[in-house]
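Participant: Submitted below is the structure of interest, expressed as structure tokens.
The values are calculated or read from the model by the stated rules, or taken from the named source; none is laboratory data. A quick note: this is a predicted structure, and the numbers were derived from the prediction, not measured. Cβ sites come from the backbone with ideal geometry, for glycine too, and all protein chains shown count toward neighbours.
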Ligand SMILES: Nc1ncnc2c1ncn2[C@@H]1O[C@H](COP(=O)(O)OP(=O)(O)OP(=O)(O)O)[C@@H](O)[C@H]1O
Ligand SMILES: [Mg+2]
């Protein structure tokens, strides 16, 4: 058995790729799918930070630098998720050969259901390889023109590599009149919108606690959308309610007072 490899890309920075990779991956793992998330943003690694894995000695940097084996860089995340973080040091980044990812992928896919790759912004070499090794490319866009323009460029690049974009996630969607809506996004980019993730302060609040929002506040609007997306990708019926108690805890109230939000 080998996994379906999804690369989560955007073009523009800061659209929500890392947040999507982590929450979609965790939600797939919670559905019982063997899932691994991999931080291919070699220069600005964030995925490990969101899980408190920033002190990990062996990361994808060491693997792509040739000094470690891939199985040494796989860590346990929430709900059975496996995580391959990248390192934070500039030196580690400089020692990386992004091309090595192609061969490393063959061991990662073995025995897994899903591999999700968190791609860097932009179209430099370390951004191109994640697109080239993907079976499916998903673009994360925000409802604004710069994000659409950069996503179109990434779509064109994906097609030049002989791949196609499977769909778009419209993240940080708010129902304002000025916003580009779902149909407009599909029309502009020529691909279907798989899910709309609302702007939700719970995302940042959970990040501060280093726990994905789908675990920490599973019935929050963003978490529901991420879980629905996971069900779609896993080909399963979506069950909206989760057993976990969703009453706002003391810690959540405290976080809200510190970080703000509704
Ligand atoms: N739906 C959302 N609601 C509220 N905040 C969000 C949402 N999605 C992402 N964010 C916040 O937006 C910021 C950027 O998200 P993230 O790091 O996932 O983007 P990225 O595309 O990976 O960025 P980069 O291009 O720098 O790698 C983070 O602070 C994250 O918590
Ligand atoms: Mg990121």
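Participant: Identify, from the list 104, 128, the residue that is more than 17 Å from residue 20 (Cβ to Cβ), out of contact with any helix residue (DSSP H, G or I) (no Cβ under 6 Å at 6 or more places or on another chain), touching a residue at least 12 places away in the same chain (Cβ under 8 Å) and part of a helix (DSSP H, G or I).
Facilitator: Numbers: 104 fails: out of contact with any helix residue (DSSP H, G or I) (no Cβ under 6 Å at 6 or more places or on another chain).
That would be 128, the only listed residue that is more than 17 Å from residue 20 (Cβ to Cβ), out of contact with any helix residue (DSSP H, G or I) (no Cβ under 6 Å at 6 or more places or on another chain), touching a residue at least 12 places away in the same chain (Cβ under 8 Å) and part of a helix (DSSP H, G or I).
Participant: Could I ask something else about it? Those residues that are under 21 Å from the mean Cα position of the chain (by Cα), at pLDDT 95 or above, surrounded by fewer than 22 Cβ atoms within 10 Å (Cβ to Cβ) and outside any helix (DSSP H, G or I), I need them from the range 59-101; list them, please.
Facilitator: Matches in the range 59-101: 74, 75, 76, 82.
Participant: Which is in contact (Cβ under 8 Å) with a residue 12 or more places away in the chain, touching a helix residue (DSSP H, G or I) at 6+ places or on another chain (Cβ under 9 Å) and surrounded by fewer than 18 Cβ atoms within 10 Å (Cβ to Cβ), of 208, 151? Walk me through how you get there before you give the answer.
Facilitator: Values: 151 fails: surrounded by fewer than 18 Cβ atoms within 10 Å (Cβ to Cβ).
After applying the criteria, what remains is 208.
Participant: Going by the conditions given, is residue 43 more than 19 Å from residue 207 (Cα to Cα), within 16 Å of ligand 2 (Cβ to nearest atom), modelled with pLDDT under 95 and touching a strand residue (DSSP E or B) at 6+ places or on another chain (Cβ under 9 Å)?
Facilitator: Details: more than 19 Å from residue 207 (Cα to Cα): yes; within 16 Å of ligand 2 (Cβ to nearest atom): yes; modelled with pLDDT under 95: yes; touching a strand residue (DSSP E or B) at 6+ places or on another chain (Cβ under 9 Å): no.
Here the answer is no, as residue 43 does not meet what is asked.
Participant: With the requirement that a residue be touching a residue at least 24 places away in the same chain (Cβ under 8 Å), loosely packed, with under 15 Cβ neighbours inside 10 Å and either within 16 Å of ligand 2 (Cβ to nearest atom) or in a helix (DSSP H, G or I) (or both), what does the range 107-125 give you? Working first, answer last.
Facilitator: Here is the first cut: in the range 107-125, the ones touching a residue at least 24 places away in the same chain (Cβ under 8 Å) are 107-123, 125.
If we keep only those that are loosely packed, with under 15 Cβ neighbours inside 10 Å as well, we get 107, 110-111, 125.
The answer is 107, 125.
Participant: Got a number for residues in the range 12-37 being within 25 Å of residue 173 (Cα to Cα), more than 11 Å from ligand 1 (Cβ to nearest atom) and either out of contact with any helix residue (DSSP H, G or I) (no Cβ under 7 Å at 6 or more places or on another chain) or in a loop (DSSP other than H, G, I, E, B) (or both)?
Facilitator: Total meeting the criteria: 1.
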